[in-house]
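For reference, the structure discussed in these notes is given below.
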Amino acid sequence: MNETWIALKELGENRMAAVGIVIIVFLVFVAFFAPFFSPHDPLEQNLEKRLLASNGEYPFGTDELGRCIFSRVMYGTRISLEIGVVVVGITALIGTILGVISGYYGGIVDEIIMRAVDVVLAFPGIILALVIAGLLGPGLFNVILALAVTHWPAYTRLVRGMTLSVKEKEFVEAARALRASNFYIMRRHILPNCINPVIVLATLGIAHTIIFAAALSFLGLGIQPPTPEWGSMLKAGIPYLRTAPFLTFFPGIMIMITVLAFNFLGDGLRDTLDPRAKEMIMMKK
Amino acid sequence: MTKVKVEVENLKKYFYSGIFRKKVIKAVDGVSFEIKEGKTLGLVGESGCGKTTVGRTILRLIEPTEGKMLFDGEDITSLNGSKLKKLGREMQIIFQNPEASLNPRMKIYDSIAEPLRIHKICNKNEEKEVIFELIETVNLNEELLFRYPHELSGGQIQRVAIARILSLNPKFIVADEPTSMLDVSVQAQILNLLKDLQKKYAISYLFISHDLEVVEWMSDEIAIMRKGKIVEWK
Amino acid sequence: MLKYILKRLLLVFVVVLGVTVVTFSAMHLAPGDPAEMIAVARYGEDLTQEEIEWVRATEGLDAPVYIQYLGWLEHVLRLDLGKSLITYEDVLGEILTRIPATLVLAISSLILSLLIALPAGIISAIRKNTIVDNACMTGALLGVSMPNFWLGLLLIWLFALSLGLLPSFGYGSIKHLILPTITLGPSMSAITTRPTRSSMLDVLNQDYIVTAKAKGLDERTILLKHALKNAMLPVITFVGLQLGFLLGGAVIVETIFAWPGIGRLLVDSIYARDFALIQGCVLFIAVIFALANLAVDVLYAYLDPRIRYEKK
Amino acid sequence: MTLLRIEDLRVYFNARGRIVKANDGVDLEIEETEILGLIGETGCGKSILGRAIMGLLSENVEIGGRIIYKGENLLELCEARMRQIRGKEIGMMLQNPSTSLNPVLTVGEQIAEVYRYHEGVGKEEAKKKAADMLKLVGMDPKRMDEYPHQFSGGMKQRVMIAIGLALNPRILIADEPTTGLDSSMKKQILDLMSGLIKSRDVSMLLITHDLEVAKGVCNRIAVMYAGELLEIAPAEKLLSEPKHPYTQDLLDSLPRMGLNPIPGESPSLSSPPAGCRFHPRCRCRSDKCSEKHPDMIGIEAETYVRCFLYKNDKSKG
């Protein structure tokens, strides 16, 4: 049987991962078909119907400007998933490449890359993102940029560490004895042996990024109203916390479910992809 | 008279450490020897005596601090570029640890095909034929070709390692403790295989081991190393 | 050991320098004319070009960026972080008055998180693959997935607005501390639980635990004496790294609960685009974070005999 | 006198859906004051046997058969009773001294705690006894406050010996005590162990893959292959006139005997061949070997072999 197939099967048997996958598929579906299924235009205001509780017309009620919370929450899925996937895509790619280069070549290249990593990691991630996003001004692009700047070092650090250990393995030395080029060795030998933990980290990274992005918007430094975004919806709901708590309830639970789904999946991947976990422990602990 | 295949003159390899690079470890400290065509030089010593460094240096996997290395009379001490790549077809190495000597994420077939692909020795169609021939030479079952290394035993992996470098038709092989992690019954298989190949293809070996008995059985000449120097010839 | 600490301090210096360069560049890459923004913040929208130019000249904003940076750095080395561009308050003084509030919140949250995470992690490792373990791990995942800004709002809604038990914002008494701590502590504990568990599992699979069993020692001695200390070593480093999470979380929690700490100061200064204050906060947070991590590493080195007795 | 008797020991566990039969019907006795060598190649189940005696296999492992020590079946004992036996009655040294000593405790403490725990003596008393033990294994007792990483491999192995023998157990199980040591150090450690064991009337089960190690020290040797024993005989006899074809071939594959290989590979413990487990590699096989599983039979005094080439001699055995 094929290795990938076995891994996928094991993943499916992992209950949490399966739940995660189902939720993620559902969310992607929602994001994709939001225009078809949302009962209202998420931007459509109706001041006569403001702050209504859940009813037949508005399943999750209406906000302070009479917009349909259900529709806004649906559209919010789009922006959160988009930020998560784009940021992780960019950072995982750049971070991994830098990590392989840093670990493989060592010396001055390593020194420069790792000092850059230190600088970024010397600072609590969310605060750096906050400062960057705050200074550059609100907007989708700036949020993505701020999160990308703060997220790449995680991959670089991880991959560098793995590269250092894989590099010492004899099969890499064998490839050098075969006079394979450095690029070949990195691509064929180092990278494939680092990729599993990167996949795990990237999955968990999507979860992380979605929370960060929502936090930025919550603080008013990310996506701005009237764009339907969960973090900024939460912020807008604060003044009505006493009278209309559902304004903050629905976006909050959406963030949590989304993040939880990616965390479930990442956790399941960690169990299936991590060879150490696979090893059967037969001696008594 | 058989001709000299490999010649090493006053080889030195120092490792420097510490903040000011002042700490010196003399891993290899003036080693000279020659290996004739189709013959085996055994290199014996306890762990940390520098025998492994000698093997790596000859293959130019480590750059020597001082000294000269000749292959077929040609100075290879500072060869580079395409000439060094070509040298890769002539000189090869077999490692100690079977678990680490094959890429765990590559199928056995691809591991064996790798040298052929790197050196562009044959096209895709011929490749298959060559590989099947190779595994027959080292006495491996075809079924194993489409498995991953962790599904093989140590002895089988060592055969794969031998098969893959044989595709290059090397004339000199450094065997760095090739059986020290294998069971005795399997050790004998591998050592016999190495000897058969030597007869068949006139390969010269530098056979590195800590086990004097094994070296005595394998080698035409034996050098004993201690603290970076050859202290005794047998 | 001393050499190690000195080396690390040097690194802290380099890194803090790097962080300030990044923020300084971000400020100047930011769209808009800084002089105009400051002038608007100070005097309102109705401005003449002369007034803006006057601000530019008095604040030294007409010099090239690197001159501005070097000038700032020179003042920093004399422990002068400058004055707020908007309120003219002394930046250092302003920060120092905010630090205690942040420390109180951070320490109480850290204690709460460790009180939850360590027992949970250790118990789930010992009772691996039981209901207890699954419950702890699911709880941890839930905790990690819970945005703390939302949790904060839920807590305010429940305990302050609905039940009226606790104040929803402010600073001063233990009561004020409870909700912010419950917002921050458990989510941090959720992050620490898993590494604690895996570290403990790792240790329990080591040969020396088997040796301890072969000696005939009982479960309790093996766990408390042989396993725990080994398992806690990596957790210490991890907690050090999580201090960043704590500071980051503080920014959000302080904003929600109107807690007068440095995090809220930073957010407010970003809103106001008060560059001097932003730069000061960034510098301070970076230094605190770096020193805390250094302290953690020294503690680690001290507790681990393999490092303590390395040079002999 | 038999000190410990293993009867029909079966250790099975589940590895990714396959049943691995690590020990499959092992019968073995350890006599008083003897050194019994258990020889076998990688993955034949010899270490599992050692751990099974100590009750150190995890719960998901299925264990059958009996291990009788002083009239008690160790496999049926409660954990509390088993703890009294571990260390005090049966000591154990694990394979790798670098990983088998706790890195954050001083070596003195790791010896002393045995006395405190089993004999209930005070801190000072235990420390003194630990110092004596260190002296006994040829180490400077002044170093007892140092940590394991400050010692060399051979020294750490000495500490392991001190721990294993601290309470003067009746049996010491030593699992590959010389792996990772250079040949000169190997000899020192073996001499030290066998000397101490003889002078203290302790029996030892020496588990090793190295025939050379077993040769110098063992009184009797048992040969294990694919989860079962193939031959048990007095050491001299086994090495000079091996009976089982596997034992013969194993000896022949040693360098000094001409490095004659045994063809093929050891079978996996989850799918051993039918009949005699060695038959696919055996040069003496007949049709019967692939069909029927041979029993262990006594053929001469103290010599047992599991092979159809031999006939049971009931008068002896």
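The values are calculated or read from the model by the stated rules, or taken from the named source; none is laboratory data. Since we're looking at a predicted model, the values are computed, not measured. Note that we place each Cβ from the backbone using ideal geometry, even for glycine, and neighbour counts take in every protein chain shown. Heads up: the accessible areas ignore ligands, DNA and RNA and are worked out on the full protein's heavy atoms, side chains in. Shrake-Rupley method; radii C 1.70, N 1.55, O 1.52, S 1.80 Å.
Going by the conditions given, is D:GLN110 under 21 Å from D:ALA174 (Cβ atoms) and within 20 Å of the chain's Cα centre (by Cα)?
Details: under 21 Å from D:ALA174 (Cβ atoms): yes; within 20 Å of the chain's Cα centre (by Cα): no.
In short, no.
Before we move on, is B:LEU70 aliphatic (A, V, I, L, M), open to solvent by 10 Å² or more (accessible area, probe 1.4 Å), away from every other protein chain (no Cβ under 11 Å) and touching a strand residue (DSSP E or B) at 6+ places or on another chain (Cβ under 7 Å)? Considered against the rule, which asks whether it is aliphatic (A, V, I, L, M), open to solvent by 10 Å² or more (accessible area, probe 1.4 Å), away from every other protein chain (no Cβ under 11 Å) and touching a strand residue (DSSP E or B) at 6+ places or on another chain (Cβ under 7 Å), B:LEU70 comes out as yes. With respect to the conditions (1) surrounded by 16 or more Cβ atoms within 10 Å (Cβ to Cβ); (2) more than 14 Å from chain B (Cβ to nearest Cβ); (3) more than 26 Å from D:ASP252 (Cβ to Cβ), D:ASP191 lacks only one, and its number is (1). Between C:LEU184, C:LEU154, C:LEU161, C:LEU177, the distinction of being under 26 Å from C:GLY263 (Cα atoms), more than 14 Å from every other protein chain (Cβ to nearest Cβ), touching a Ser or Thr at 6+ places or on another chain (Cβ under 9 Å) and not acidic (Asp, Glu) belongs to C:LEU177 only.
Residues of the stretch A:61-74 being open to solvent by 50 Å² or more (accessible area, probe 1.4 Å) and either aromatic (Phe, Trp, Tyr) or not in a loop (DSSP other than H, G, I, E, B) (or both), which ones? Within the stretch A:61-74, A:PHE70 is the sole residue that qualifies. Tell me, yes or no, whether the stretch C:29-38 has at least one residue that is farther than 24 Å from C:VAL253 by Cβ, of a type in the set (Val, Ile, Thr) and assigned to a helix (DSSP H, G or I). Yes, because at least one residue in the stretch C:29-38 is farther than 24 Å from C:VAL253 by Cβ, of a type in the set (Val, Ile, Thr) and assigned to a helix (DSSP H, G or I).
The residue of the stretch A:217-239 that is surrounded by the most Cβ atoms within 10 Å (Cβ to Cβ), among those that are assigned to a loop (DSSP other than H, G, I, E, B) and within 10 Å of another protein chain (Cβ to nearest Cβ), is A:LEU221.
With more than 17 Å from D:LEU74 (Cβ to Cβ) and open to solvent by less than 10 Å² (accessible area, probe 1.4 Å) as the only criterion, which of D:ILE30, D:ILE35 stands out?
On the way: D:ILE30 fails: more than 17 Å from D:LEU74 (Cβ to Cβ).
Going through D:ILE30, D:ILE35 in turn, the sole match is D:ILE35.
Scanning for something at pLDDT 90 or above, more than 16 Å from the chain's Cα centre (by Cα) and either within 30 Å of B:VAL186 (Cα to Cα) or among the polar types (S, T, N, Q) (or both), does the stretch B:82-98 turn up at least one residue? The answer is no, given that none of the residues of the stretch B:82-98 is at pLDDT 90 or above, more than 16 Å from the chain's Cα centre (by Cα) and either within 30 Å of B:VAL186 (Cα to Cα) or among the polar types (S, T, N, Q) (or both). The number of residues in the stretch A:109-122 being within 21 Å of the chain's Cα centre (by Cα) and modelled with pLDDT of 90 or more comes to 1. Looking only at the stretch B:184-197, residues that are open to solvent by less than 20 Å² (accessible area, probe 1.4 Å) and under 14 Å from B:ASP211 (Cβ atoms) come to 4 in all.
Search the stretch D:237-247 for residues being within 12 Å of D:LEU211 (Cβ to Cβ) and open to solvent by 10 Å² or more (accessible area, probe 1.4 Å), and hand back the single one that is farthest from the chain's Cα centre (by Cα).
D:PRO242
In the set A:GLY103, A:GLY84, A:GLY99, A:GLY125, only one residue is within 18 Å of the chain's Cα centre (by Cα) and more than 8 Å from every other protein chain (Cβ to nearest Cβ); that residue is A:GLY84.
For the residues B:GLY42, B:GLY50, the requirement of being open to solvent by less than 20 Å² (accessible area, probe 1.4 Å), away from chain A (no Cβ under 13 Å) and at pLDDT below 90 singles out B:GLY50. The residue that is least open to solvent (accessible area, probe 1.4 Å), among those in the stretch D:260-316 that are without any contact (Cβ under 8 Å) to a residue 40 or more places away in the chain and on the phi > 0 side of the Ramachandran plot, is D:GLY275. Within the stretch A:175-216, the set of residues being open to solvent by less than 10 Å² (accessible area, probe 1.4 Å) and within 8 Å of chain B (Cβ to nearest Cβ) comprises A:ALA175, A:ALA177, A:LEU178, A:HIS189.
Applying the selection to the stretch D:1-44, what residues are away from chain B (no Cβ under 14 Å) and among the β-branched types (Val, Ile, Thr)?
If we filter the stretch D:1-44 for residues that are away from chain B (no Cβ under 14 Å), which is where we start, we get D:1-14, D:17, D:19-38.
Those that are away from chain B (no Cβ under 14 Å) and among the β-branched types (Val, Ile, Thr): D:THR2, D:ILE6, D:VAL11, D:ILE19, D:VAL20, D:VAL26, D:ILE30, D:THR33, D:ILE35.
Checking D:ASP182, D:ASP132 one by one, the residue that is surrounded by fewer than 20 Cβ atoms within 10 Å (Cβ to Cβ) and within 11 Å of another protein chain (Cβ to nearest Cβ) is D:ASP182 and no other. Within the stretch A:113-142, residues that are closer than 20 Å to C:GLN242 by Cα reach partners that are among the hydroxyl-bearing types (Ser, Thr, Tyr) with beta carbons closer than 6 Å, at six or more positions or on different chains, in the pairs A:VAL117/A:THR156; A:GLY125/A:THR150; A:LEU128/A:THR150; A:ALA129/A:THR150; A:VAL131/C:THR23. With respect to (1) open to solvent by less than 10 Å² (accessible area, probe 1.4 Å); (2) free of Cβ contacts under 8 Å to residues at least 60 places away in the same chain; (3) of a type in the set (Gly, Ala, Ser), the lone exception for B:SER167 is condition (1).
Matching residues to (1) under 17 Å from the mean Cα position of the chain (by Cα); (2) more than 11 Å from chain A (Cβ to nearest Cβ); (3) part of a helix (DSSP H, G or I):
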{"residue": "C:THR255", "(1), (2), (3)": "yes, no, yes"}
{"residue": "C:TRP259", "(1), (2), (3)": "yes, yes, no"}
{"residue": "C:VAL267", "(1), (2), (3)": "yes, no, yes"}
{"residue": "C:ILE270", "(1), (2), (3)": "no, no, yes"}
{"residue": "C:LEU277", "(1), (2), (3)": "no, yes, yes"}
{"residue": "C:GLY280", "(1), (2), (3)": "yes, yes, yes"}
{"residue": "C:VAL287", "(1), (2), (3)": "yes, no, yes"}
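Against the test of being open to solvent by 30 Å² or more (accessible area, probe 1.4 Å) and farther than 18 Å from C:ALA272 by Cα, the options C:ARG56, C:ARG98, C:ARG8 yield a single qualifying residue, C:ARG8.
Just one of C:PHE238, C:PHE245 is part of a helix (DSSP H, G or I), open to solvent by 40 Å² or more (accessible area, probe 1.4 Å), aromatic (Phe, Trp, Tyr) and more than 8 Å from every other protein chain (Cβ to nearest Cβ); which is it?
Details: C:PHE245 fails: more than 8 Å from every other protein chain (Cβ to nearest Cβ).
None of the others qualify; the one that does is C:PHE238.
From the list C:LEU81, C:LEU73, the one residue that fits, being in a loop (DSSP other than H, G, I, E, B) and surrounded by 12 or more Cβ atoms within 10 Å (Cβ to Cβ), is C:LEU81.
Quick check on my filter: what residues within the stretch B:5-22 are at pLDDT 90 or above, surrounded by 14 or more Cβ atoms within 10 Å (Cβ to Cβ) and not hydroxyl-bearing (Ser, Thr, Tyr)? I'd like the intermediate steps shown before the answer.
Step one: list which residues in the stretch B:5-22 are at pLDDT 90 or above, which gives B:5-14.
After this cut, where a residue has to be surrounded by 14 or more Cβ atoms within 10 Å (Cβ to Cβ) as well, the list is B:5-9, B:11-14.
Answer for the stretch B:5-22, where residues must be at pLDDT 90 or above, surrounded by 14 or more Cβ atoms within 10 Å (Cβ to Cβ) and not hydroxyl-bearing (Ser, Thr, Tyr): B:LYS5, B:VAL6, B:GLU7, B:VAL8, B:GLU9, B:LEU11, B:LYS12, B:LYS13.
Whether a residue is open to solvent by 20 Å² or more (accessible area, probe 1.4 Å) and aliphatic (A, V, I, L, M) was assessed, and B:ILE121 passes this test.
Residue by residue, here is whether (1) open to solvent by 40 Å² or more (accessible area, probe 1.4 Å); (2) within 13 Å of chain A (Cβ to nearest Cβ); (3) out of contact with any helix residue (DSSP H, G or I) (no Cβ under 6 Å at 6 or more places or on another chain); (4) of a type in the set (Gly, Ala, Ser) holds:
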residue: C:GLY93; (1), (2), (3), (4): no, no, yes, yes
residue: C:VAL104; (1), (2), (3), (4): yes, no, yes, no
residue: C:SER113; (1), (2), (3), (4): no, no, no, yes
residue: C:PRO119; (1), (2), (3), (4): yes, no, yes, no
residue: C:ALA125; (1), (2), (3), (4): no, yes, no, yes
residue: C:ILE131; (1), (2), (3), (4): yes, no, yes, no
residue: C:LEU142; (1), (2), (3), (4): yes, yes, yes, no
